[in-house]
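Report on the structure given below.
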Amino acid sequence: MPRVREITDPGDDPILKETFAKEEATFGAVFNTTKVQAHTPGVMRAAKALSAAVDRSGLLGKELLALVYLRVSLINGCPF
């Protein structure tokens, strides 16, 4: 159980509406991390942009990036 209450309804915030809809369409659900970061939509968007930039940069090899994702998911108790 997260220490911070999850936001499950995007309300009227356009950033949250867009992000929640995109994750729901792509993955079938909204990530728990997104629901927690939704308390500050601007920071949530920036964190997602940073993650995407790391992916696109190619500075981490695909194998290492996969291991990083696996380690983070294990720390967070995520089933990925």
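Tabulated data
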item: The chain: equivalent-ellipsoid semi-axes (sqrt of 5 x gyration tensor eigenvalues, Cα, Å); result: 23, 16, 11
item: Cut-off 14 Å between beta-carbons: net charge of the residues surrounding Y69, Lys and Arg +1, Asp and Glu -1; result: 0
item: I7 long-range amide H proximity, modeled H, under 5 Å; result: V36, A38
item: Inter-site label distance for I75 and A52 at 7 Å from Cα along Cβ, in nm; result: 2.3
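Rule-based calculations on the coordinates, nothing more; no lab input. Please read all numbers here as calculations on a predicted model, not as lab measurements. Every residue, glycine among them, receives a Cβ derived from its backbone with ideal geometry; neighbour counts consider all protein chains shown.
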